[in-house]
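S.K.: Pasting in a structure now, in structure tokens, and then I'll have a few things to ask.
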Amino acid sequence: MNTETPRVFVAATQQNDGKTTTALGLFSALRKRLGRIGFIKPVGQRFVEVDGLRIDEDSVLIDQTFGVQTPLEAMSPIAVEPDFTRRYIEHQNNDFLVNRIQNSFDRAAWEKDFVIVEGTGHAGVGSVFDLSNARVAKLLGSKVILVTKGGIGKPIDEVALNKAVFDQEGVELVGVILNKVLPEKFEYVREFAQRGLQRLGIDLLGAIPEDAMLANATLGQVAKTTRGTFLNGKTKARRRVQKVIIGAMNSSHTMEYFKPGTLIITPGDREDVILAALSTCALGELDGQSIAGLVLSGDLLPSNPVMDLLKNSDVPTISSPMDSYNVASAIHSMTVKTLPGDSERITKIECLIEHYIEVDRLLAKL
């Protein structure tokens, strides 16, 4: 296996702490400094079908964003399918999986100046089939950076726990990145987290403030999460939702909450709320801006005349089989992922990593 090309393994203390955000931003920052950057996600749990192959969605994101020029099957050698763990316990094919990962890394590192390896979940994820993140980092001869959510006590406890797993495999943790730090507490959290980590002999490589734009779902993501379909405005599927309200009150009261970027959830037969939303936008009462859209809940639709108004309006409308409460709950709890082609979000991530992470110091430690 290639042992010459520099590499770093991006791990996290928990799922959805920001591994992909960090990997994407580092890819951009390192490409400016070093040139040709490779990428591999050895074990992926969320995959999409590409030309008949099951490819981890983060590998697809990186490839479509940067044009990595590595076969996708090398960037995503193992996709953990629903029956994967049971089959592994039955057949114990560890040598095959190890060889597949190492051979894929060689292809990912071919003619590259640096390789980013993205893990999946915390340090111990994958232990059930003998390929924990710590084990994979060891197999690839990589040092590790850990991403954790902003805070002091809980994140440091989780970093210590994860470090113990990496230590057991003899893998060096070179530093920690705090992600999603509350802006109003940013300096306080960064200072005391740094001091707390130093007491454990761990370096803080940077802290990234929480950014509202990165937390806002698009209408397309809302439709997918709520099992909805667009009645109109599908071309605006990338529009971001800044606020969500349930239009269950009298339409005159609901209108007080109509603001630019607001998504209105209402039963499909509440024609008064639907018409109020349409008239507000048509009359330009939001200073030329628009509400994000409408979600009509309960698989209910308005009468044909109102449907015609909807379809001829500029207000994107989604019909969902879920009731209003469950639509709102699903949106509130959804994980907002970065999607290929989301240039606004990708540019924001690149700027945050470049500004808040000490990339040159990270390179020196590798």
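S.K.: List, please: which pairs have Cβ atoms under 7 Å, are six or more places apart or on different chains, and start with a residue in region 226-240 that is assigned by TED's automatic domain parsing to the domain that holds Ser319 and more than 15 Å from Ile331 (Cα to Cα) and end with one that is of a type in the set (Asp, Glu) and not in a strand (DSSP E or B)?
M.R.: Sorted first by the residue in region 226-240, then by its partner, the pairs are Arg238/Asp342.
S.K.: Would you please list the contacts, defined by Cβ atoms under 8 Å and residues six or more apart or on different chains, that run from a residue in region 276-293 that is closer than 16 Å to Lys243 by Cβ to a residue that is modelled with pLDDT under 75?
M.R.: Thr280/Met255; Thr280/Leu286; Ser290/Cys281; Ile291/Cys281
S.K.: Another question about this same structure. Collect the residues in region 327-366 that are within 26 Å of Gly293 (Cα to Cα) and free of Cβ contacts under 8 Å to residues at least 24 places away in the same chain, keeping them in residue-number order.
M.R.: Within region 327-366, Ser329, Ser333, Ser343, Thr347 meet the criteria.
S.K.: Oh, and also: Filter region 52-67 down to the residues that are farther than 18 Å from Lys19 by Cα and either β-branched (Val, Ile, Thr) or out of contact with any strand residue (DSSP E or B) (no Cβ under 7 Å at 6 or more places or on another chain) (or both) and list them by number.
M.R.: Gly52, Leu53, Gly67, listed by residue number.
S.K.: Name every residue in region 167-199 that is out of contact with any strand residue (DSSP E or B) (no Cβ under 7 Å at 6 or more places or on another chain), free of Cβ contacts under 8 Å to residues at least 40 places away in the same chain and either not assigned by TED's automatic domain parsing to the domain that holds Ala134 or not aliphatic (A, V, I, L, M) (or both), in order of residue number.
M.R.: Across region 167-199, the qualifying residues are Asp167, Gln168, Glu169, Gly170, Glu184, Lys185, Glu187, Tyr188, Glu191, Arg195, Gln198, Arg199.
S.K.: Can you name every residue in region 139-153 that is assigned to a helix (DSSP H, G or I) and modelled with pLDDT of 95 or more?
M.R.: Leu139
S.K.: Give the residues of region 16-41 that are more than 10 Å from the chain's Cα centre (by Cα) and more than 14 Å from Ile62 (Cα to Cα), sorted by residue number.
M.R.: Answer for region 16-41, where residues must be more than 10 Å from the chain's Cα centre (by Cα) and more than 14 Å from Ile62 (Cα to Cα): Lys32, Arg33, Leu34, Gly35.
S.K.: Condition first: over 28 Å from Val159 (Cβ atoms) and buried (at least 20 other Cβ atoms within 10 Å of the Cβ). Now tell me which residues in region 110-131 satisfy that.
M.R.: Listed by number, the list holds a single entry, Lys112.
S.K.: Another question about this same structure. If you go through region 294-303 one residue at a time, do you hit one that is acidic (Asp, Glu), more than 18 Å from Thr229 (Cα to Cα) and in the same structural domain as Lys236 (by TED's automatic domain parsing)?
M.R.: Looking through region 294-303, none of the residues is acidic (Asp, Glu), more than 18 Å from Thr229 (Cα to Cα) and in the same structural domain as Lys236 (by TED's automatic domain parsing).
S.K.: Hey, another quick one. Are any of the residues in region 349-357 part of a helix (DSSP H, G or I) and either at pLDDT below 95 or in the same structural domain as Ser290 (by TED's automatic domain parsing) (or both)?
M.R.: no
S.K.: Looking only at region 325-342, filter to residues that are over 14 Å from the mean Cα position of the chain (by Cα) and among the β-branched types (Val, Ile, Thr); which one of those is surrounded by the most Cβ atoms within 10 Å (Cβ to Cβ)?
M.R.: Among those residues, the one meeting the criterion is Val327.
S.K.: Here's another thing I want to ask about it. With the checklist (1) at pLDDT below 90; (2) within 18 Å of Ser324 (Cβ to Cβ); (3) among the basic types (Lys, Arg) in hand, flag the one item Lys259 doesn't pass.
M.R.: (2)
S.K.: Next up: How many of the residues in region 257-275 are part of a strand (DSSP E or B) and among the hydroxyl-bearing types (Ser, Thr, Tyr)?
M.R.: 2
S.K.: Let me ask another. Pick out the one residue from Ala134, Ala164 that is in the same structural domain as Ala12 (by TED's automatic domain parsing) and surrounded by 20 or more Cβ atoms within 10 Å (Cβ to Cβ).
M.R.: Just a single option satisfies the conditions, and that option is Ala134.
S.K.: Since Leu205 meets every condition but one in (1) within 24 Å of the chain's Cα centre (by Cα); (2) in a helix (DSSP H, G or I), which condition does it not meet?
M.R.: (2)
S.K.: Now for a separate question. Within region 74-86, does at least one residue satisfy the condition of being surrounded by fewer than 20 Cβ atoms within 10 Å (Cβ to Cβ), at pLDDT 95 or above and under 17 Å from Trp110 (Cα atoms)?
M.R.: no
S.K.: If you go through region 310-324, how many residues are closer than 16 Å to Glu271 by Cβ and either out of contact with any Pro (no Cβ under 9 Å at 6 or more places or on another chain) or surrounded by fewer than 18 Cβ atoms within 10 Å (Cβ to Cβ) (or both)?
M.R.: So the answer is 6.
S.K.: Of all residues in region 311-329, which are small (Gly, Ala, Ser) and either assigned by TED's automatic domain parsing to the domain that holds Leu24 or more than 21 Å from Gln242 (Cβ to Cβ) (or both)?
M.R.: Ser319
The values are calculated or read from the model by the stated rules, or taken from the named source; none is laboratory data. Please read all numbers here as calculations on a predicted model, not as lab measurements. Cβ coordinates were reconstructed from backbone atoms using ideal geometry, including for glycine residues, and neighbour counts include every protein chain displayed.
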